[in-house]
Structures are given as C-alpha cells and as structure tokens.
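A short write-up of the structure that comes next.
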C-alpha cells in the first residue's frame with residue numbers, strides 16, 4: 001500500500017490504484033487470519049493507511065468505475081498467479097470474495113457513483 005502513495009505522487013495513478021488494492025487485499029487477509037492482534041498495532045496501521053493513502057487513490061480510481069473494476073480484476077488475477085503462501089486458506093479466500101463483491105457492487109452502482117461525484121465537483125473520466 002505504501003508503494004501506491006509514491007506512485008500517486010509520481011503521477012502514476014493507475015499503477016497506484018493497482019498496488020493500493022493489491023496491498024489492501026493482502027493486508028486484509030493477514031488481519032482476517034490474525035484476529036487476535038493488538039488493535040493498536042497492525043489493525044490501527046491498516047486503518048491509517050486506508051485513510052491516508054486510500055482516500056486520494058480512491059478519489060482518482062472512482063472517477064472511472066469500469067477501469068477500477070478492471071483493475072480489481074487484474075489484482076485478483078495477480079494474487080492468484082503470485083500467491084503469498086502465508087495467506088493461504090479460507091481467510092484469504094473470504095477476503096478475495098469481498099473484493100469480488102466490491103467489484104460487482106461498484107459496477108452495479110456506476111451511474112450513481114458518477115452522479116455523486118459530479119455533485120461533489122469531482123471529475124469523471
């Protein structure tokens with residue numbers, strides 16, 4: 001996820017979106033598999049990353065919902081092709097399914113997302 005911040009700052013927003021969602025998938029899987037973690041440690045760091053890096057990445061990414069859906073598909077394929085053995089199991093599959101659900105949800109709500117962005121003065125591409 002930290003890689004996304006540097007890419008966004010360098011004007012490489014599409015790559016930033018990919019790495020943000022790839023990092024989010026892996027980190028969510030880790031947190032799901034380790035529910036006993038001290039909430040002031042990794043869970044707090046994850047929340048901070050979502051807020052600080054996720055907000056600007058998502059502001060860009062949601063400007064083109066079909067492209068975001070495609071990026072999510074690429075993240076899922078990358079994760080399938082390059083699995084992290086420490087994240088194997090039902091927790092990781094549950095997290096992957098959550099990302100699939102997000103992709104389906106944003107596509108189903110694409111028109112609504114565009115209208116909300118327009119009302120807020122955010123660009124749609």
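For the reader, a short list of remarks on this structure follows.
- When the inverse distances between all different Cα atoms of the chain are averaged and flipped, the Kirkwood radius reads 15.2 angstrom.
- Between region 1-36 and region 74-88, the alpha-carbon center distance in angstrom: 13 Å
- Folded to 0 to 90 degrees: helix 90-108 orientation relative to the chain principal axis, Cα: 10 degrees
- Between 0 and 90 degrees, the angle of helix 13-33 with respect to the longest Cα principal axis of the chain falls at about 30 degrees.
- Largest GNM mean-square fluctuation across 56, 43, 83, computed for the chain with C-alpha springs under 10 Å, falls on 83.
- GNM top mover of 16, 69, 48 - the chain, alpha-carbon springs below 10 Å: 48
- Stokes-Einstein D for region 6-66, Kirkwood Rh over Cα pairs, 4 °C, 1.567 mPa s (µm²/s): 104 µm²/s
- Whole-number percent relative contact order across region 2-119, with pairs defined as alpha carbons under 8 Å at least 6 apart: 32 percent
- Extension gain, residue 42 to residue 6: 0.36 nm times the residue separation minus the Cα-Cα distance gives 10.9 nm.
- Max mean-square fluctuation residue, GNM over the chain, Cα-Cα springs under 10 Å, options 96, 35, 12: 35
- To the nearest ten degrees, helix 110-119 and the longest principal axis of the Cα atoms of the chain are 60 degrees apart.
- Between region 90-114 and region 53-72, the alpha-carbon centres lie 12 Å apart.
- Length released on extending from residue 51 to residue 104, taking residue separation times 0.36 nm less the Cα-Cα span: 16.8 nm
Here, each number is a calculation from the coordinates, and none is a lab measurement. This is a predicted model, so every value here is computed, not measured.
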